[in-house]
Amino acid sequence: MRNPFFALTEKSVDKPRTVLACLFAVVIILSSGAMHLKFDNSEDGFFPDNETVRLLNDIEDEYQASVDFVRIINEVEQGDLLVQETWTQLAYIEAQLLLDENFQPYQYPLFGTQPNAGMASSVIQWHTLQDSSHSAIWLGELSSSIELVRQSNSSTLSASLDSLNTASSAIPEFQPVTPGRLIEWDFSNPESWLARIDSSADLSDELDGLIGQLASLMQENKSQQELGLIAVNSGPVFGQLNMMKGLQDVDFREAILSNIPVDERNDPWNMSGPVITTLVISNDPVVHGKAATDFDSTQNDITKWSNSLVEKLQQDTGDDEIRSFSFAQFGVGSTETLGKEIGILTSSAFFLLALILWFNFRSKRETAYVMVLTIFAIAATYGLSGWLEFFGVNMIFNAAMNSIPVLLLAIGVDYGLHVVLRIREELKNSPEGASAETMRDFSVEARKLAIRRGTIFTSTALLIAIFTDVVGFLSFRFSALTFLQVFGTVIAIGLFLIYLLSISALPALMTLIPAKKLPIDKASKIEIGPVAKGLGRLSMQPMKVGIIAVLLLIPMFIGFQQLEVGFEQRDQFDQSIPVVADFILLSDDFQSSRSPLYIVYDGDVLSDVGWESWNLTMSALTASPDITGVPNGLWDLVDESRPQYAALDEIMISIESGESDGWNDLSEWLLTNETGRQLSSALLHSNGQQTLISFQANTLDWQATVDLNDRIEELLSQVEGEMLDDGTLKVSGRSLINAQTTSDVASSSIQSTAIVAIVILVMLVSIHSVRQNNLVQGFARGIVSWIPLMMVVCWVYGIMGFTGYNINPQTVTIGALSLGLGVDYAVHFTTRLEEEVEHNPRGNQQEWVEKSSATTGRAMFGAALTTAGGFAVLNLSALLPLKLFGQAFVVAITLALLSSLILLPAFYSKFLQYDAKKYLEEE
């Protein structure tokens with residue numbers, strides 16, 4: 001059966017206009033599919049399909065828990081927190097967050113009944129609910145009114161009870177801190193009340209005294225009728241006092257300190273640095289009245305609103321250091337910069353590769369052929385990906401795809417370079433080559449023959465190489481991560497299309513358009529130079545080469561032992577961008593996760609055992625050193641809401657008193673009552689069998705976050721063992737999934753490296769077996785060709801270990817890419833060696849290697865230079881992982897080239913001698 005790729009090349013030479021027209025039409029049709037591409041720039045685009053992700057999706061679907069934290073960052077100097085004006089400004093900032101008309105419709109009550117958290121509101125709550133000095137008046141008046149009731153007689157009892165009710169109305173209730181309270185609150189003498197906060201003193205003793213004092217009224221020597229009146233009037237007061245007593249357990253000091261850096265919390269009031277004030281809003285596009293996929297527009301809105309609020313705050317306070325941070329701002333700022341950077345890197349790679357090609361070709365037109373055809377292939381790649389998406393294949397692009405143009409340019413330009421140089425070599429070696437002075441002096445027939453032969457000869461090696469490359473990248477389909485599957489598929493499509501254009505459109509253009517009037521000696525340098533001679537001599541010493549290679553592997557093995565998996569999320573960002581610097585600040589100094597982490601309790605939530613299980617879980621979380629701030633859940637919300645909703649308070653009193661219908665009443669109120677459901681919907685499932693506990697933790701370092709997840713799961717397992725019911729506890733959250741995704745990327749990429757190595761071995765054995773028509777020879781040649789490639793992988797990882805490079809989602813692909821591109825060089829060089837033996841069977845090993853090195857070896861050097869140049873452009877990136885990736889790949893390409901030119905000929909010598917003997921026998 002005729003090779004279809006060879007037939008395509010011949011058709012391109014015979015009918016170049018027809019082929020170019022057809023190819024142009026195909027490229028246009030394919031490129032038009034780009035309109036169907038879908039982009040998901042949110043972090044969801046990186047998530048795998050596993051139980052943790054599905055749990056998070058269920059949480060966000062049920063509880064509308066897709067939220068963003070709008071944080072106002074205010075810098076304070078040492079001693080500022082001892083000054084009244086500082087607290088007044090913090091209160092004003094928090095009030096303006098609540099009043100902002102842009103944010104108001106989307107406020108999300110994550111902190112119990114409040115969407116806000118700040119130092120000022122926490123201080124106001126402490127003053128109101130726990131400060132003995134601030135509460136002295138109502139405590140004294142209530143005590144006096146109780147004494148009036150005690151001392152009353154039948155004629156004064158009614159008036160005394162009225163006085164008691166009046167005094168009890170002053171007992172504070174737990175209510176959200178409104179903007180009005182924030183603006184009107186008197187923060188004078190902060191040094192005095194801060195000292196009281198530090199003392200941990202509260203109203204417990206005073207409340208116990210009042211409760212005892214009130215209870216003693218029922219023991220007075222009064223008539224049953226009078227005692228009945230006292231009981232009716234004192235009952236609600238008992239409820240208010242007991243509720244206040246329960247609120248003494250709230251740690252407002254911890255809530256206040258959660259808004260300053262962790263390292264400053266030992267001496268908080270003398271701190272110097274950032275103070276944050278937070279407003280939680282929904283960032284769900286649907287809640288914002290947009291399409292569910294319109295996440296970018298929602299982020300842009302939040303960013304615009306945040307910037308507008310900061311301008312107002314700076315103007316109102318005169319403090320130019322006030323700034324804001326939200327993950328919408330972070331996403332817009334970092335992505336916008338990344339997009340610009342990718343554009344700069346791609347254009348830089350294009351011009352650098354064009355320059356390198358020109359130095360190889362000394363011809364602008366042939367340089368333009370290769371570069372333009374590569375760009376066309378990239379456009380067709382994106383278009384074909386769009387058509388696949390249109391026909392139901394998941395090809396959603398995300399931020400990881402931004403590097404695809406650079407990868408395709410760096411790798412794909414090699415193909416055109418090999419074709420052009422081999423065509424020139426064929427021209428120079430043709431019968432007209434001896435008399436021709438320039439590339440234009442050849443006849444049309446001679447040019448067509450050289451183009452046909454050169455392209456087909458190159459196509460043989462390229463076909464083998466492209467097949468291994470495509471299979472290698474398609475091996476990413478085995479990954480659990482969807483974006484890696486898409487990434488590998490797009491690269492495979494791109495390389496295949498570049499190959500097709502290199503063996504069709506490129507020869508068609510070279511046939512149709514006359515060559516530059518370039519001196520033949522400059523166009524094709526195939527003379528044997530000192531380097532080629534040195535390689536030839538070295539190939540005659542296979543034992544020496546083998547020993548040196550093995551000796552080099554020993555220190556590389558030691559370096560490999562030192563290689564560590566390391567992925568710092570901070571390295572993925574350009575820290576010169578202010579919003580990125582703030583993200584690092586919040587993660588490091590405040591040990592805050594990007595979004596809440598969740599404990600999901602599945603069980604009979606609204607029951608005695610469910611309540612007990614919840615309390616066990618909260619106690620375990622609060623005691624854990626991994627948790628920052630105060631965890632928040634359903635029963636916190638219920639306790640905080642009792643003063644606002646009399647019906648809820650009555651139900652909770654009945655539950656606390658052990659009434660059998662209490663839990664049924666609570667279930668009905670929280671799940672079916674409009675007010676109750678509106679209150680509980682953020683934390684309680686609509687079926688009443690699931691609830692959330694949200695908390696924060698330090699989740700910047702991915703490995704530490706994976707370890708954190710393991711510790712939390714172990715903690716939850718212990719709690720489950722103590723629970724009285726069959727309920728289950730699970731943990732989820734975006735930061736945890738991000739860390740797991742990073743870990744999965746590493747393992748998936750290592751898996752792909754192993755798959756590529758196996759596929760390449762099978763390919764090499766199969767190809768050589770077919771070419772030699774001998775299974776034993778094919779197996780031996782395949783193994784020998786494969787061994788240097790594996791040595792390259794060992795050397796690359798060893799050097800990375802010695803130089804302190806970590807394996808991360810970028811550099812871990814070095815193994816697979818080194819194998820995929822290294823096999824190109826191996827196939828090109830062994831194919832050329834076998835051709836030289838066929839042309840000159842009476843020669844010797846040194847002659848064959850010298851000739852191959854001077855021709856194909858020179859082209860391989862040019863190809864390696866273009867690939868390394870393309871990846872070297874990544875050193876211009878502001879992102880450390882991309883820099884390291886570029887540096888490591890330059891090393892990998894260099895080692896792959898040296899391996900093919902030095903190790904492979906020496907190891908291959910026995911096979912070349914076998915071929916020479918066979919050809920001589922055939923003669």
Quick one: what are the phi-derived ³J(HN,Hα) couplings along segment 609-625, Karplus 6.51/-1.76/1.60 with θ = phi - 60°, whole Hz, x for glycine and proline? 5, x, 4, 5, 4, 5, 5, 4, 5, 5, 4, 5, 5, 4, 7, 6, x
Quick one: grab the alpha carbon gyration tensor of segment 282-424, order the square roots of its eigenvalues as a ≥ b ≥ c, and give me rounded if a/c is under 1.5, else prolate or oblate depending on whether a/b is larger than b/c. oblate
With x for Gly and Pro, the residue-by-residue ³J(HN,Hα) of segment 211-222, computed from phi through the Karplus equation 6.51 cos²θ - 1.76 cosθ + 1.60 at θ = phi - 60° and given in whole Hz, is 5, x, 4, 5, 5, 5, 4, 6, 9, 6, 7, 10
At Gln213 and Asn875, where each label point lies 7 Å from the Cα along Cα→Cβ, what is the point-to-point distance in nanometres? 8.0
What is the dipole size for segment 644-697, taken about its Cα centre, with +1 at each Lys and Arg Cβ and -1 at each Asp and Glu Cβ, in debye to the nearest 20? 340
Residue-span extension gain [Ser766 to Thr675] - 0.36 nm each, minus C-alpha spacing: 25.5 nm
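Give the calculated FRET efficiency between Asp249 and Ile28 to the nearest 0.05, with a Förster radius of 60 Å applied to their Cβ-Cβ distance.
Plugging the Cβ-Cβ distance into 1/(1 + (r/R0)^6) gives 0.25.
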Per residue of the chain, what 222 nm ellipticity follows from adding -39500 (n - 2.57) for every DSSP H run with n ≥ 4, rounded to the nearest 500? -21500 deg cm²/dmol
Amide H contacts of Val76 (H built 1.01 Å from N, under 5 Å, at least 5 apart or other chain): Gly273, Val275
Helix 327-361: angle to the longest alpha-carbon principal axis of the chain, degrees 0 to 90, nearest 10? 10
So what's the angle, to the nearest 10 degrees on a 0 to 90 scale, between helix 775-802 and the longest Cα principal axis of the chain? 50
Which one of Val262, Ile375, Val53 is farthest out on the positive end of the charge dipole of the chain, using unit charges on Cβ (Lys, Arg +1; Asp, Glu -1) and the Cα centre as origin? Ile375
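Highest mean first, what order results for 672-680, 612-620 on Cβ atoms within 10 Å?
Descending mean neighbour count gives 612-620, 672-680.
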Step through the residues of segment 906-912 one at a time and calculate ³J(HN,Hα) from phi using the Karplus curve (6.51 cos²θ - 1.76 cosθ + 1.60, θ = phi - 60°), rounding each to whole Hz and writing x for Gly and Pro. 5, 6, 8, 4, 4, 5, 5
Select from Phe695, Leu736, Thr455 the residue farthest towards the positive end of the dipole of the chain; place +1 on Cβ of Lys and Arg, -1 on Cβ of Asp and Glu, and compute about the Cα centre. Thr455
Amide H contacts of Thr438 (H built 1.01 Å from N, under 5 Å, at least 5 apart or other chain): Ile520
Which value, in Å² and to the nearest 10, is the accessible area of Asp205 when all protein chains are kept and the probe is 1.4 Å? 120
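Compare Lys290, Lys11 by solvent-accessible area with a 1.4 Å probe and give them largest first, with all protein chains kept in place. Walk me through the numbers on the way to the answer.
Working: Lys290 55, Lys11 105 Å².
Largest accessible area first, the residues go Lys11, Lys290.
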Show the residues, 5+ positions off or on another chain, whose built amide H is closer than 5 Å to the amide H of Val67. Asn283
So if R0 is 60 Å, what FRET efficiency would Glu311 and Asp608 give, r being the distance between their Cβ atoms, rounded to the nearest 0.05? 0.70
Over all viewing directions the Cα convex hull of segment 244-343 casts an average projected area in nm² of 10.9
With a ≥ b ≥ c taken as the square roots of the eigenvalues of the C-alpha gyration tensor of segment 93-206, please select rounded if a/c is under 1.5 and otherwise prolate if a/b is larger than b/c or oblate if it is not? prolate
Calculate the spin-label point distance for Asn300 paired with Lys533, positioning each point 7 Å from the Cα along the beta-carbon direction, and give it in nanometres. 6.6
Alpha carbon convex hull of the chain, projected area averaged over orientations, nm²: 46.4
Over the chain, what relative contact order in percent results from Cα pairs under 8 Å that are six or more residues apart? 18
How do 830-838, 96-104 rank on mean C-beta neighbours within 10 Å, highest first? 830-838, 96-104
Difference of contour (0.36 nm per residue) and Cα-Cα distance, Thr156 to Asp661: 177.9 nm
Packing-wise, with mean Cβ within 10 Å as the measure, how do 163-170, 844-851, 686-693 rank, highest first? 844-851, 686-693, 163-170
Estimated FRET transfer efficiency when R0 is 51 angstrom, pair Leu553-Glu184 (beta carbons, to 0.05): 0.10
Between Asn687 and Gln718, with labels modelled 7 Å along Cα→Cβ, what's the label distance in nm to one decimal, could you check? 3.1
Cleavage-rule hits (chymotrypsin sites (Phe, Trp or Tyr not before Pro)) in segment 281-369: DSSP loop, at most 14 neighbouring Cβ within 10 angstrom: none
Which shape class applies to segment 434-540: rounded if a/c is under 1.5, otherwise prolate when a/b exceeds b/c and oblate if not, where a ≥ b ≥ c are the square roots of the Cα gyration tensor eigenvalues? oblate
To the nearest 10 degrees, how steeply does helix 578-589 sit against the main Cα axis of the chain, on a 0 to 90 scale? 60
Full-extension gain in nm, Lys38 to Arg477, via 0.36 nm per residue minus C-alpha separation: 156.1 nm
For segment 182-284, calculate the relative contact order in percent as a whole number, restricting contacts to Cα pairs under 8 Å that are 6 or more residues apart. 26
Sort Arg196, Arg771 by accessible area with a 1.4 Å probe, largest first. Arg771, Arg196
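The values are calculated or read from the model by the stated rules, or taken from the named source; none is laboratory data. These numbers come from a predicted model, not from an experiment. Cβ atoms come from the backbone with ideal geometry, glycine included; neighbour counts cover every protein chain shown. These accessible areas exclude ligands, DNA and RNA; they are computed on the full protein's heavy atoms, side chains included. Shrake-Rupley method; radii C 1.70, N 1.55, O 1.52, S 1.80 Å.
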